[in-house]
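Shown next, in structure tokens, is the structure this report addresses.
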């Protein structure tokens, strides 16, 4: 068995990491733009809420990249998963349209979450601008999985560069030529970016798709053909994982809206989240690299585990360097454009999150092992544990003890992640090679 060197793993993973890091740059960039436009507090809050719901509604399609990386091996499996993906894309778009029905929107945002009128009005317009988002994300992630499966990870990074260029250009044009609110600038820029990237990704994947469609079918002795039933059995736990996991952001929005300093918490939450995402992105990118490199029997677990340990420590050290040094003021005030008062709200939550990048690497590796072994149900259970823990901890810290909403949110987030990875540790041991 050929062993994987750290250099080989790094070269395979690096374009995926660059992809996630470039996506991580979107949040701080747009937050900085919105913070410099009129009414930054309300617009930052509305942008955070609208983005949270856009992400939740894309939940059914978010695991398509991992699914196509794991399952697409020949023409038949490509066509079956493509049709499956198209159905998910249509369904996600219909879900967003349902939220935009005025009576539904008013119940969710004004009655249930309790958004201030200024924030709710801005959020409604932003969600309309997010309408192309779910289908574009689904198409992009499906074809990117095909690219990863074929070893063309650099093309994935190229697509993200195109996405960033489209987002930046759209934001600049809207700021210079219109007077629309900052939250709408953010939503329009993100939608334009993902649509552009989806088109580019499909074009760049043409060669890989052509190889699949013209190549021989891959048939393993005793293995059933990939049909819709097998796809559903594999994907449904992942879909539930995404839906449950992505409920965290809207759920925390609901909790923060009823905790101490609600507007300030809603305003700084997306800024702190965006900073942590830069370092968590290193772990998120590791999932699909590990999934592609583990081998059918997880035989390359030792090499990938060593690489992941170093990666996790480095990512957490990076966030800690910002959180516990004067770089925090540089980031929040100078770069992100927050007022000193809002920046003060952001420091403590950022410090609480320093362990999250390492936990993200661990969680991604655990999920990759289970998906490669075609055992996806524990991933859903772990996510349910995480979300339940977050809800319980926020209720105690934010509503009973009375912590500031954003601080309670991130304490709860860390606690939930610790318990979910602890549960998956026992599940991973069951599928690893015994030798």
(message) For segment 220-239, give me each residue that is modelled with pLDDT under 80 and buried (at least 20 other Cβ atoms within 10 Å of the Cβ).
(response) 226
(request) Just name the residue that is nearest to residue 159 (Cα to Cα) out of those in segment 174-195 that are in a helix (DSSP H, G or I) and free of Cβ contacts under 8 Å to residues at least 60 places away in the same chain. (result) 192
(request) Give 322, 333 a once-over and let me know the one that is over 19 Å from the mean Cα position of the chain (by Cα) and free of Cβ contacts under 8 Å to residues at least 40 places away in the same chain. (result) 333
(request) Among the numbered conditions (1) assigned to a helix (DSSP H, G or I); (2) farther than 18 Å from residue 205 by Cα, tell me where residue 38 comes up short. (result) (1)
(message) Here are the criteria: (1) under 28 Å from residue 327 (Cβ atoms); (2) surrounded by fewer than 22 Cβ atoms within 10 Å (Cβ to Cβ); (3) at pLDDT 75 or above. Tell me which single one residue 260 does not satisfy.
(response) (3)
(message) Looking only at segment 17-41, filter to residues that are crowded, with 24+ Cβ neighbours inside 10 Å and at pLDDT 85 or above; which one of those is farthest from residue 193 (Cα to Cα)?
(response) 34
(message) Just checking, does segment 403-412 include any residue being surrounded by fewer than 16 Cβ atoms within 10 Å (Cβ to Cβ), modelled with pLDDT of 85 or more, in a helix (DSSP H, G or I) and under 21 Å from the mean Cα position of the chain (by Cα)?
(response) no
(message) If I ask for residues that are in contact with a helix residue (DSSP H, G or I) (Cβ under 6 Å, 6 or more places away or on another chain) and either more than 18 Å from residue 32 (Cα to Cα) or surrounded by fewer than 17 Cβ atoms within 10 Å (Cβ to Cβ) (or both), which ones from segment 319-332 would you list?
(response) 319, 320, 323
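Per-residue answers, yes or no, for (1) over 21 Å from residue 412 (Cα atoms); (2) modelled with pLDDT of 80 or more; (3) touching a strand residue (DSSP E or B) at 6+ places or on another chain (Cβ under 6 Å):
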residue	(1), (2), (3)
266	no, no, no
287	yes, yes, no
292	yes, yes, no
306	yes, yes, no
311	yes, yes, no
323	no, yes, no
326	yes, yes, no
(request) Taking residue 417 as the residue in question, decide whether it is part of a helix (DSSP H, G or I), out of contact with any strand residue (DSSP E or B) (no Cβ under 6 Å at 6 or more places or on another chain) and buried (at least 20 other Cβ atoms within 10 Å of the Cβ). (result) yes
(request) Please work out which one of (1) closer than 26 Å to residue 299 by Cα; (2) touching a helix residue (DSSP H, G or I) at 6+ places or on another chain (Cβ under 7 Å) is the condition residue 406 fails and give its number. (result) (1)
(request) Please find, among 186, 138, the residue that is buried (at least 24 other Cβ atoms within 10 Å of the Cβ) and under 20 Å from residue 253 (Cβ atoms). (result) 186
(message) Looking for something buried (at least 24 other Cβ atoms within 10 Å of the Cβ) and over 23 Å from residue 280 (Cα atoms) - is there at least one such residue anywhere in segment 95-102?
(response) no
(request) May I ask you to list pairs of residues, at least six apart or on different chains, whose Cβ atoms are under 6 Å apart, with the first in segment 273-284 being touching a residue at least 40 places away in the same chain (Cβ under 8 Å) and on the phi > 0 side of the Ramachandran plot and the second being in a helix (DSSP H, G or I) and crowded, with 23+ Cβ neighbours inside 10 Å? (result) none
(message) When you scan segment 376-385, do you find a residue that is surrounded by fewer than 21 Cβ atoms within 10 Å (Cβ to Cβ), closer than 21 Å to residue 44 by Cα and touching a helix residue (DSSP H, G or I) at 6+ places or on another chain (Cβ under 9 Å), even just one?
(response) no
(request) Give the residues of segment 107-125 that are farther than 14 Å from residue 53 by Cβ and surrounded by 12 or more Cβ atoms within 10 Å (Cβ to Cβ), sorted by residue number. (result) 114, 116, 118, 121
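Does residue 38 satisfy the criteria of being at negative phi and under 20 Å from the mean Cα position of the chain (by Cα)?
no
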(message) Suppose the filter is on the phi > 0 side of the Ramachandran plot and touching a residue at least 60 places away in the same chain (Cβ under 8 Å); does residue 374 pass it?
(response) yes
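The values are calculated or read from the model by the stated rules, or taken from the named source; none is laboratory data. Since the model is a prediction, treat every value here as computed from it, not as a measurement. Reconstructed Cβ throughout: ideal geometry from the backbone, glycine too, with neighbour counts over all protein chains shown.
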